[in-house]
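Peer 1: Mind having a look at this structure? Questions to follow.
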Amino acid sequence: MTVLIVAGLMALSVLLTACTPTGGEVESGAMEGETKTLFVGPELVECTGVAPQQCLQVREDPNADYELFYSSIEGFTFEPGYEYELLVRVDTVANPPADGSSLQYTLVEVVAQTPVASADKPEGIPVPTTVAELAGVRWVVETYLNAGGEMVEPLAGRELTATFDLERVSGESGCNNYFAGYVVDGNTLTISQAGSTMMACEPAELMQQEADFLAALQSAATYTIDGDRLLIANADGETVLAFRATEPAGLVGTAWTAVMYNTGTEAVTNLMEGTTITANFTADGRLNGSAGCNNYMTSYVLDGQNITIEPPATTRKLCPEPVGIMEQEAAFVTMLPQAATYSISGNTLELRTADGALITSFTAAQ
């Protein structure tokens, strides 16, 4: 199940509710005119907030993991294949627009610009020697090693996943999406430090689960595959992650449950606690489900990955609780006909506008 999403495209005051991106605002407590050092990675990374974009990889501590940076740095020209040490000034933007950051970053000095081994193969992201067993499968965590040293199941409703391609492993870590380089040699598996999107999610247990999962992933030393199960162990031979292979869900015939929705004010947020929005696509072009309080029904047409959804009709019930449910429902119903494309990755369905803005992110009901 997935999520996303961002500080260069959304106002921080909107996005810090529920599961909201903090990316691009490296430190929310920065004083106006404060200078700080940022370390920038050697490649841009595809990322998605309200719309798809390419993000810098940035960290304040040279020994920490890179994080996606959704803002821009005024005066800085990025050239792939180099690691940068930058001195930047951070200013607060008065009354930022709804699709803008509340912080402005301005280049003061390029302290260092160091070439890496290759612009295509940055140092620390090795290319695996063989990926046949791992690649092309969406692996979903059954159990993982937590900070207490116990193998536990993920929290209900939040999948932890891993998908290996020729150069990277990526997936959902419960709140954020992550990516890392890896190399295999026989049954030896080494995974580099992960970068990730920069959202803060509630409850706090969700963020702890994410930290434990990423720590387990990075501790990988060996792997074994038995049928549809993948086991990853650390250097001591202790199993730290147990995955199972899953088939991607199909649009038709899957019970979809919304995880995030567009509020209609260029902000994407989690559903309110205690509410559910669903979608069921039928083979004869009908779409129906629950909008949170009322049921809705409409029709849709597909053309490849393009989708056209007619304005839905709804029942006319009024739900006083939880407070805000009717506003959430109205935003969902209003945005639904603006869908222009759909995509399915594993068990996650995303509807987007023609401009690429996320309308709703669904997960396949278990």
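Peer 1: Which pairs turn up if I take residues in the stretch 299-322 that are at negative phi and look for partners that are at pLDDT below 95 and of a type in the set (S, T, N, Q) with beta carbon separation below 6 Å, at least 6 apart in sequence or on another chain?
Peer 2: GLN305/THR341; ASN306/THR341
Peer 1: Output the residue which, of all residues in the stretch 323-334 that are among the β-branched types (Val, Ile, Thr) and not in a loop (DSSP other than H, G, I, E, B), is surrounded by the fewest Cβ atoms within 10 Å (Cβ to Cβ).
Peer 2: Of all residues in the stretch 323-334, those among the β-branched types (Val, Ile, Thr) come to 323, 325, 333-334.
Now drop any that are not not in a loop (DSSP other than H, G, I, E, B), which leaves 325, 333-334.
Values: ILE325: 19, VAL333: 19, THR334: 14.
Top of the filtered list is THR334.
Peer 1: Just checking, which of PRO320, PRO337 is surrounded by fewer than 19 Cβ atoms within 10 Å (Cβ to Cβ) and modelled with pLDDT of 95 or more?
Peer 2: On the way: PRO320 fails: modelled with pLDDT of 95 or more.
It is PRO337.
Peer 1: To continue, here is another question. Can you say whether ALA267 is at pLDDT below 90, under 19 Å from the mean Cα position of the chain (by Cα) and either farther than 30 Å from PHE164 by Cβ or of a type in the set (D, E, K, R) (or both), as far as the supplied structure shows?
Peer 2: On the way: at pLDDT below 90: yes; under 19 Å from the mean Cα position of the chain (by Cα): yes; either farther than 30 Å from PHE164 by Cβ or of a type in the set (D, E, K, R) (or both): yes.
When the stated conditions are applied, ALA267 passes them.
Peer 1: Only one residue in MET260, MET199 is within 18 Å of THR161 (Cβ to Cβ), aliphatic (A, V, I, L, M), at pLDDT below 90 and in the same structural domain as VAL333 (by TED's automatic domain parsing). Which one? Explain how you work it out, then say what you get.
Peer 2: Values: MET199 fails: in the same structural domain as VAL333 (by TED's automatic domain parsing).
One residue alone meets the criteria, MET260.
Peer 1: Now, a different point. Please indicate, with yes or no, whether at least one residue in the stretch 220-227 is within 20 Å of ASN347 (Cβ to Cβ) and either in contact with a Ser or Thr (Cβ under 7 Å, 6 or more places away or on another chain) or crowded, with 17+ Cβ neighbours inside 10 Å (or both).
Peer 2: So far as the stretch 220-227 goes, no, none of its residues is within 20 Å of ASN347 (Cβ to Cβ) and either in contact with a Ser or Thr (Cβ under 7 Å, 6 or more places away or on another chain) or crowded, with 17+ Cβ neighbours inside 10 Å (or both).
Peer 1: Is it the case that PHE213 is under 18 Å from ASP65 (Cβ atoms), touching a Lys or Arg at 6+ places or on another chain (Cβ under 6 Å) and at pLDDT 85 or above?
Peer 2: Numbers: under 18 Å from ASP65 (Cβ atoms): yes; touching a Lys or Arg at 6+ places or on another chain (Cβ under 6 Å): no; at pLDDT 85 or above: yes.
Answer is no for this residue.
Peer 1: Of the residues THR278, THR315, only one is exposed (fewer than 13 other Cβ atoms within 10 Å of the Cβ) and modelled with pLDDT of 95 or more; which? Show your work before the answer.
Peer 2: Values: THR278 fails: exposed (fewer than 13 other Cβ atoms within 10 Å of the Cβ).
Going through THR278, THR315 in turn, just one is exposed (fewer than 13 other Cβ atoms within 10 Å of the Cβ) and modelled with pLDDT of 95 or more: THR315.
Peer 1: Looking at the stretch 252-271 only, could you name the residues that are of a type outside the set (Val, Ile, Thr) and assigned to a strand (DSSP E or B)? Before you say what the answer is, go through the steps one by one.
Peer 2: First, the residues of the stretch 252-271 that are of a type outside the set (Val, Ile, Thr): 253, 255-256, 258, 260-262, 264, 266-267, 270-271.
Within the stretch 252-271, TRP256, ALA258, MET260, TYR261, ASN262, ASN270 qualify.
Peer 1: Scan VAL58, VAL3, VAL14 and give me the residue that is of a type in the set (A, V, I, L, M, F, W, C), outside any loop (DSSP other than H, G, I, E, B), modelled with pLDDT under 50 and touching a strand residue (DSSP E or B) at 6+ places or on another chain (Cβ under 9 Å). Let's see the steps before the verdict.
Peer 2: Values: VAL58 fails: modelled with pLDDT under 50; VAL3 fails: outside any loop (DSSP other than H, G, I, E, B).
Being of a type in the set (A, V, I, L, M, F, W, C), outside any loop (DSSP other than H, G, I, E, B), modelled with pLDDT under 50 and touching a strand residue (DSSP E or B) at 6+ places or on another chain (Cβ under 9 Å) holds for just one of VAL58, VAL3, VAL14, which is VAL14.
Peer 1: Going through ASN295, ASN262, ASN270, ASN306 one at a time, which residue ends up being out of contact with any helix residue (DSSP H, G or I) (no Cβ under 6 Å at 6 or more places or on another chain) and crowded, with 16+ Cβ neighbours inside 10 Å? It would help to see each step written out before you state the result.
Peer 2: Values: ASN295 fails: crowded, with 16+ Cβ neighbours inside 10 Å; ASN262 fails: out of contact with any helix residue (DSSP H, G or I) (no Cβ under 6 Å at 6 or more places or on another chain); ASN306 fails: crowded, with 16+ Cβ neighbours inside 10 Å.
Answer to the selection: ASN270.
Peer 1: Quickly run through the stretch 272-304 and pick out the residues that are touching a strand residue (DSSP E or B) at 6+ places or on another chain (Cβ under 7 Å), assigned to a loop (DSSP other than H, G, I, E, B) and under 20 Å from SER343 (Cβ atoms).
Peer 2: ILE277, THR282, ALA283, GLY285
The values are calculated or read from the model by the stated rules, or taken from the named source; none is laboratory data. On a predicted model such as this, the values are computed, not experimentally measured, just so you know. Glycine also receives a Cβ, built like all others from the backbone with ideal geometry; neighbour counts cover every protein chain displayed.
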